[in-house]
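Q: I am attaching a structure below and will ask some questions about it afterwards.
Only the coordinates and a few stated rules stand behind these numbers; no lab work does. Quick caveat, the model's predicted, so the values are computed rather than measured. Note: ideal-geometry Cβ built from the backbone for every residue, glycine included; neighbour counts use all protein chains shown.
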Amino acid sequence: MNSFDTVNHTDNISFYKNNPAILKQLFGNNKLKSLWLADMDFKVPEAVSDEIKRLADRAIFAYEFNNNDVFKALADWYRERHNLHLNSDMFIQISGVLTALSVIIQEFTNPGDGILIQTPVYHQFASIIKKTDRRLINNPLTLNDNEYRFDTEDLKNKLSNENVKMIILCNPHNPVGRVWTKEELTKLSEIAEEFNVMIVSDKIHSDIIYRNNKFNSILSLENRNHIALLGSPAKTFGMHSISNGYIYTHNESIFSRIQSKVESLFLHHGNVISNYATIAAYTKGKEWLDELTMYLEKNIEWINTFIKREIPQIKLIKPQGTYQLWLDFRELDLNKNQLNNILFNQAQLAMAPGHWFGKNGAGFMRMNIASPLDYLESSMNDLKQVMKRGLQY
Ligand SMILES: Cc1ncc(COP(=O)(O)O)c(C=O)c1O
């Protein structure tokens with residue numbers, strides 16, 4: 001039995017995903033199987049927990065900053081895993097990806113400027129744009145033959161007319177699981193360059209890539225001067241509540257401005273436990289990640305086969321990366337409340353409703369699959385039973 005099979009998280013109610021008050025607030029029901037949040041049930045690599053134990057035993061936490069070792073570990077990781085050559089002096093540490101995004105928005109745009117996102121997309125992008133008093137401009141993805149793509153005509157149109165100063169790219173794309181190709185990124189980047197718009201690329205999911213796909217960073221392109229990359233070990237190694245984030249750019253002027261801003265807010269100190277855990281993850285976590293990716297791929301295969309055989313009314317948009325599944329319920333022709341009722345009250349499954357991620361997410365549900373297979377099997381069987389009974393709205 002694989003170690004990924006043996007975890008049991010369901011009774012830990014201090015985890016956000018299981019907390020009854022949060023479940024009640026979000027889904028109107030506090031007795032639900034939790035499949036909605038993009039985190040992992042699995043234990044982190046042993047090298048990471050060993051490092052945290054070492055520090056706990058040492059029990060001395062004098063000022064200690066080892067950011068340069070973190071940056072070296074990151075640069076080595078990118079080179080070896082993604083064939084991407086980054087300069088370890090051009091990383092900036094910060095407390096998380098969302099903090100990074102907020103800082104960059106505030107440094108490079110002004111209130112009232114347009115910031116463009118591509119829905120359905122991680123809902124906090126819209127939330128940060130609104131909270132920082134910028135204007136949310138949407139360039140929805142198109143869906144044809146079960147594949148999401150950029151709509152480049154609409155993009156040009158929005159960049160011409162909406163005073164857009166920044167594009168937030170999600171690569172790989174949460175929630176639809178696309179891993180953007182080099183051609184797609186080149187096109188996007190050429191258009192951004194034409195309109196003199198900065199691209200901020202959130203690549204937090206870039207290490208969870210499935211067979212026959214390759215993570216392409218926008219930083220590997222020719223015209224890469226107007227780009228900032230945001231990342232974190234959180235999704236890769238299950239370090240959701242213990243990791244710092246980082247920013248990278250090739251552009252020295254962008255780098256200096258972000259660095260000054262981050263330092264002025266004193267956001268760069270980091271946390272030494274996160275730092276050592278990050279170094280351990282990136283230097284010793286490769287085999288663990290390979291095993292995890294294989295495990296997730298098996299989960300996807302099992303669910304895909306099950307859905308096709310048992311509940312064919314639902315369609316799975318197969319992900320190229322990320323551990324989020326995007327399930328298409330539109331054939332059932334239900335409104336939002338009816339679909340929520342089936343999931344949250346009848347099947348008792350907490351999935352993230354697609355409309356959280358933008359209007360064009362309506363009729364979909366996002367399901368997290370970084371869980372033991374037996375948990376996913378029993379969840380899908382619960383859904384099947386409800387479908388078999390005949391839908392009751
Ligand atoms: C695309 C994306 N960016 C950022 C985050 C959160 O990043 P952090 O916790 O480092 O702020 C998530 C979490 O789900 C995400 O999916």
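Q: How much length is gained if the chain between LYS31 and ASP133 is pulled fully straight, taking 0.36 nm per residue apart and subtracting their Cα-Cα distance, in nm to one decimal? Mind showing how you got there, number by number?
A: On the way: separation 102, 0.36 × 102 = 36.72 nm, distance 3.69 nm.
Fully extending the segment from LYS31 to ASP133 adds 33.0 nm.
Q: Where in region 270-313 is the amide nitrogen less than 17 Å from a point lying 7 Å along the Cα-to-Cβ axis of ASP69?
A: Counting backbone N atoms under 17 Å from the label point, the list is 270-285.
Q: To continue, here is another question. What number, in nm² with one decimal, is the all-direction average of the projected area of the convex hull of the alpha-carbon atoms of the chain? Intermediate results must be reported in sequence, preceding the final value.
A: Working: hull surface 77.6 nm².
In nm², the orientation-averaged hull projection of the chain is 19.4.
Q: Here's a follow-up. Once R0 is set to 30 Å, what does the formula 1/(1 + (r/R0)^6) return for the Cβ-Cβ distance between ASP57 and SER3, expressed as a FRET efficiency to the nearest 0.05? Before the final figure, lay out each step's value.
A: Details: r = 24 Å, r/R0 = 0.79.
E between ASP57 and SER3, to the nearest 0.05, is 0.80.
Q: Related question: Subtract the Cα-Cα distance of ASN345 and THR181 from 0.36 nm times their separation in residues, and report this length gain in nm to one decimal.
A: Values: separation 164, 0.36 × 164 = 59.04 nm, distance 3.93 nm.
Once the chain is fully extended between ASN345 and THR181, it gains 55.1 nm.
Q: Take the alpha carbon atoms of region 190-229, find their center, do the same for region 38-91, and report the distance between the two centers in whole angstrom.
A: If you average the Cα positions of each part, the centres end up 23 Å apart.
Q: Determine, for each peptide in 9-19, 128-138, 163-173, the mean count of other beta carbons within 10 angstrom over its residues, then list the peptides with the highest first. Walk me through the numbers before you get to the answer.
A: On the way: 9-19: 14.0, 128-138: 17.0, 163-173: 23.3.
The peptides rank, most packed first, as 163-173, 128-138, 9-19.
Q: Separate question: Tell me, what is the FRET efficiency for VAL272 and ASN110 to the nearest 0.05, using R0 = 35 angstrom and their Cβ-Cβ distance as r? Intermediate results must be reported in sequence, preceding the final value.
A: Working: r = 36 Å, r/R0 = 1.03.
Calculated transfer efficiency: 0.45.
Q: Another question about this same structure. If you rank THR142, THR99 by fewest surrounding Cβ atoms within 10 Å, what's the result? Please report the intermediate quantities before stating the final value.
A: Values: THR142 14, THR99 18.
Taking fewest neighbouring Cβ atoms as first place, the list is THR142, THR99.
Q: Can I ask one more? So between ASN161 and ASP11, what do we pick up on full extension, going 0.36 nm a residue minus the alpha carbon distance?
A: Details: separation 150, 0.36 × 150 = 54.00 nm, distance 5.11 nm.
My answer for the length gained is 48.9 nm.
Q: Let me ask another. Given only helices, namely DSSP H runs of n ≥ 4 each adding -39500 (n - 2.57), what is the per-residue ellipticity at 222 nm of the chain, to the nearest 500 deg cm²/dmol?
A: Working: 13 runs with 157 residues, N = 393.
One gets -12500 deg cm²/dmol as the mean residue ellipticity at 222 nm.
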